[in-house]
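Working notes for the structure below.
Values in this text are rule-based calculations from the coordinates and carry no lab data. Model, not experiment: these values are computed from the prediction. Every residue, glycine among them, receives a Cβ derived from its backbone with ideal geometry; neighbour counts consider all protein chains shown.
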Amino acid sequence: MADKEATVYIVDLGESMADCHNGRTESDLDFAMRYVWDKLSTTVAANRKTWTIGVVGLNTDETDNPQNEQGLEGYDHISVLHDLGPITRASLKSLRSTIQPSRTYGGDAISAVVVATSMIEVFTKKLKYKRRIVLVTNGESPIDDESSDEVAARLNESNIELVVIGVDFDDPDYGFKEEDKSRAKRNNEEILRRLVEQCKDGVFGTMAQAVEELAIPRIKPVRPFKAYDGPLTLGDPSKYQSALSFHVERYFKTKRATPPSASTVVSNTERAGPSQTQTLDEDVETEGIEFSGVKQMRSYKVDDPNAPGGKRDVEFEDLAKGYQYGRTVVPFSESDLNITKFDTKKSFTILGFIPWSSYREFINMGEVGLIVAQKHNEEAELGLSALIHTLHELESYAVARYVQKDGTQPQILLLKPNPAIEDNFECLYDVPLPFAEDVRTYQFPPLDKVLTVTGNVLKEHRLLPSEDLKEAMSDFVDAMDLSNMDVDEDGNPVEYAPIDELYNPTIHHLNQAIRARAVDEEAPIGPPAEILLRFSKPPQKLLDKAKAEITALIDAAEVKKVPEKAQGRRGRKETVKPLSGLDIDALLGEKPRKTISSENAIPEFKQMLATAADDATVESAAKQMGEIVRKLVRDSFADVLYPRAAENLHVMRDELIALELPGVYNKLGLITEDESEVSEVTAEEAKAFATSMS
């Protein structure tokens with residue numbers, strides 16, 4: 001988008017806009033305003049003072065426009081609802097109460113275009129602006145086209161783009177044609193179409209297509225940002241004459257997209273004027289009439305027996321960072337911290353080269369950069385071009401050490417050549433590589449064999465797939481091939497999921513939800529757009545095609561439906577029966593457990609509860625577990641064993657709640673009546689007990 005924009009939306013509010021047509025359950029006005037509200041809320045979210053908006057009402061009950069005030073005829077029932085200028089969320093709320101169907105149809109659409117044109121000309125003067133008028137109408141009210149030629153010439157002279165979007169207007173390119181259209185609407189539609197065609201910059205379309213395209217996420221373009229401007233070296237030019245050094249510039253090629261951040265606000269008790277706004281951060285602006293930013297204040301105190309209350313305030317500048325060492329804290333002053341910092345100097349140095357075949361793409365660590373020669377520097381252009389073509393001819397990558405500026409962390413970058421012969425653009429692409437400390441090595445058992453404890457190798461085992469299963473899986477993978485799923489207009493196979501159609505559902509659905517909530521605080525948030533969920537499941541056409549292979553794989557893998565887990569509380573007398581009906585305890589010869597060891601406390605505690613025949617056994621198990629927890633706390637070096645003790649307590653609490661014996665646990669803590677129906681402890685009593693124990 002341009003740096004400066006001036007857009008005026010003309011909204012038809014005639015009484016016919018309150019009707020529903022073509023099977024829709026919403027009025028023509030609500031249908032059209034879906035498009036307008038989306039555009040207005042997007043501008044509000046951008047929070048750019050140079051993106052200005054104006055709103056003009058067509059077929060309003062009243063008349064409020066400069067042309068009518070000057071005594072000019074033909075401008076009745078046209079009202080300026082929002083003067084051209086920055087728009088805020090408060091403006092959206094005001095417009096929402098104003099934009100309602102009227103009881104008239106006496107306004108003229110071309111006259112409304114003249115009003116919008118005058119607003120843009122007065123506001124922008126001769127300054128460089130992107131000028132646009134968007135007319136939204138159903139074309140039911142009369143239009144006088146006597147001055148359409150003069151209006152089109154004026155629009156062209158002022159470089160104003162005219163966009164006409166009609167409710168149920170015919171659009172052969174989109175494939176929509178309204179049946180049983182009235183003669184008046186057909187004539188008005190033709191008048192507006194001719195007006196757009198007379199403009200050197202005009203768009204004519206139907207509202208159905210405009211609303212449908214609202215679901216397509218808007219990709220925010222990233223402006224080129226120069227991350228580095230300096231020499232790229234190979235060797236040390238200060239020591240060796242054979243070293244290479246030429247001036248390059250580095251820009252970001254890709255940038256990670258993140259969801260919009262939220263800010264904490266509170267209701268503003270001091271009612272401010274509607275024009276006052278308060279900026280909480282660089283991305284969020286809220287109206288002072290509703291919210292205020294949350295101000296945080298911190299105070300720091302130290303023990304001082306001579307101060308009132310035994311505490312004394314200290315300034316933040318007097319504090320030092322401390323690092324925990326065991327159960328003590330080791331202070332670190334700023335001078336000590338400076339010793340630990342790695343002193344780096346701005347540099348970009350090639351360390352070596354590797355062949356393409358030895359590189360694995362999965363170790364890419366982040367965003368891609370773009371390296372070009374310094375502008376208007378022929379020596380740098382020649383040096384970079386020679387390096388690029390040499391790397392390309394030798395099928396090699398360069399590995400470089402990169403320090404963006406003095407004192408920053410060094411990075412290791414992989415440099416990929418892109419000679420002009422590929423896409424008429426000569427540059428180096430770079431991507432960060434991991435350091436040795438970033439690589440984690442994990443060992444997993446082999447998938448094609450089983451190694452026994454005696455060292456024997458088994459090729460057939462219940463954990464290994466059979467030949468039938470391997471064949472069924474191979475056929476399934478082949479049948480689910482997506483590479484030939486889509487076809488172009490000529491019937492040729494094309495990529496099913498092109499990269500420019502893959503959108504992040506989290507980011508874009510959140511943006512859609514924010515825009516919807518900014519317009520209407522009470523309306524429910526709709527589901528994610530279908531385009532965001534398109535690739536979340538296999539296409540039905542592919543599933544139908546691979547139905548035989550899917551069935552064969554299910555049979556070969558012996559896939560069975562898992563029965564639903566029974567809901568409800570499990571009593572102590574209830575036992576979980578296996579699907580086979582066999583007595584597993586009898587088969588394994590397990591005897592009731594009487595003791596619990598600290599090395600395997602949780603499983604043995606559960607086993608003792610499972611075989612308990614009376615409450616005394618449960619109490620004994622809880623008592624033993626309590627002693628184990630106390631021992632873990634006593635024997636812990638610093639807080640190393642605290643998590644283990646907390647996990648033991650958590651398991652004991654859950655098991656005793658399930659057995660409906662909260663009183664046994666309440667010797668260690670309090671289980672409230674909200675957690676267990678048989679408990680007689682209230683939440684207040686539990687809170688008081690916890691306070692007394694801390």
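Observations on the model:
- Packing-based exposure ordering (other Cβ within 10 Å, fewest first) of Glu558, Glu15, Glu150: Glu558, Glu150, Glu15
- Entries of Lys449/Lys537; Lys128/Lys177; Lys126/Lys200 with Cα pairs more than 29 Å apart: Lys449/Lys537; Lys128/Lys177
- Sorted by Cβ neighbour density within 10 Å, fewest at the top, the residues Cys20, Cys427: Cys20, Cys427
- In the chain, helices alone account for a calculated mean residue ellipticity at 222 nm of -9500 deg cm²/dmol, with every DSSP H run of four or more residues adding -39,500 (n - 2.57).
- Reachable aspartates and glutamates from Lys470, criterion Cα separation under 15 angstrom, eight or more residues apart if same chain: Asp448, Glu460, Asp478, Glu549, Asp555, Glu558
- Local net charge near Phe246, Cβ-Cβ under 12 Å (Lys/Arg +1, Asp/Glu -1): -4
- Each of Ala621, Pro446, Val399 was placed along the dipole of the chain (beta-carbon charges, centred on the mean Cα), and the one lying farthest toward the positive end is Ala621.
- The loop-placed trypsin sites (Lys or Arg not before Pro) in the stretch 310-362, going by DSSP, that have at most 14 neighbouring Cβ atoms within 10 Å of their Cβ come out as Arg327, Lys341, Lys345, Arg360.
- Global geometry of the stretch 91-164, whether rounded, prolate or oblate, following the gyration tensor of its Cα atoms and the 1.5 cut on a/c: oblate
- Hz values of 3J(HN,Hα) by residue in the stretch 14-22 - Karplus curve (6.51, -1.76, 1.60), Gly and Pro given as x: x, 4, 5, 6, 7, 7, 10, 9, 6
- Close amide H partners of Val494, meaning residues 5 or more places away or on another chain with modelled amide H under 5 Å apart, are Asp486, Val487, Asp488.
- Among the listed options (1) 15, 39, 35, 11, 1; (2) 11, 26, 35, 24, 4, 0; (3) 17, 44, 28, 9, 1, the one matching P(r) over Cα pairs in 20 Å bins from 0, in percent as calculated from these coordinates is (2).
- Separation of alpha-carbon centers, the stretch 24-84 and the stretch 400-470, rounded to whole Å: 56 Å
- Cα-based helix-to-principal-axis angle, 467-479 vs the chain, degrees rounded to 10: 10 degrees
- A simple charge model with +1 on the Cβ of Lys and Arg, -1 on the Cβ of Asp and Glu and nothing else charged puts the dipole of the stretch 307-383 at about 400 debye relative to its Cα centre.
- For Ile10, nonlocal amide neighbours, meaning residues 5 or more places apart or on other chains whose placed amide H falls under 5 Å from its own, are Val56, Val134, Leu135, Val136.
- For the chain, the longest principal axis of the Cα atoms and the long axis of helix 378-393 meet at an angle of about 50 degrees.
- Relative packing of peptides 384-390, 6-12 - highest average C-beta neighbours within 10 Å first: 6-12, 384-390
- For the stretch 332-425, applying the loop criterion from DSSP together with a ceiling of 16 other beta carbons within 10 Å to the GluC sites (Glu not before Pro) yields Glu367, Glu395.
- When +1 charges are put on Lys and Arg Cβ atoms and -1 charges on Asp and Glu Cβ atoms, the dipole computed for the stretch 87-187 relative to its Cα centre reaches about 880 debye.
- If only the Cβ of Lys and Arg carry +1 and only the Cβ of Asp and Glu carry -1, the dipole of the chain around its Cα centre is close to 3020 debye.
- For the cross-link pairs Lys4/Lys39; Lys49/Lys130; Lys39/Lys541; Lys321/Lys631; Lys49/Lys375, the ones whose C-alpha atoms lie over 24 Å apart are Lys39/Lys541; Lys321/Lys631; Lys49/Lys375.
- Once C-alpha pairs closer than 8 Å and six or more residues apart are averaged by separation and normalised to the residue number of the chain, the relative contact order reads 8 percent.
- Each of Leu29, Leu394 was scored by other Cβ atoms within 10 Å of its Cβ. Listed from fewest to most, they are Leu394, Leu29.
- Relative contact order %, the stretch 5-215, counting alpha carbon pairs below 8 Å whose residues are six or more apart: 23 percent
- Backbone HN-Hα couplings from phi across the stretch 33-40 [Karplus 6.51/-1.76/1.60, Hz, Gly and Pro as x]: 6, 4, 5, 5, 4, 4, 5, 5
- To the nearest ten degrees, helix 615-635 and the longest principal axis of the Cα atoms of the chain are 80 degrees apart.
- In straight-distance terms, cross-link reach from Lys255 covers every one of the aspartates and glutamates whose alpha-carbon lies under 16 Å from its own, apart from those fewer than eight places away in the same chain; here that gives Glu367, Asp430, Asp500.
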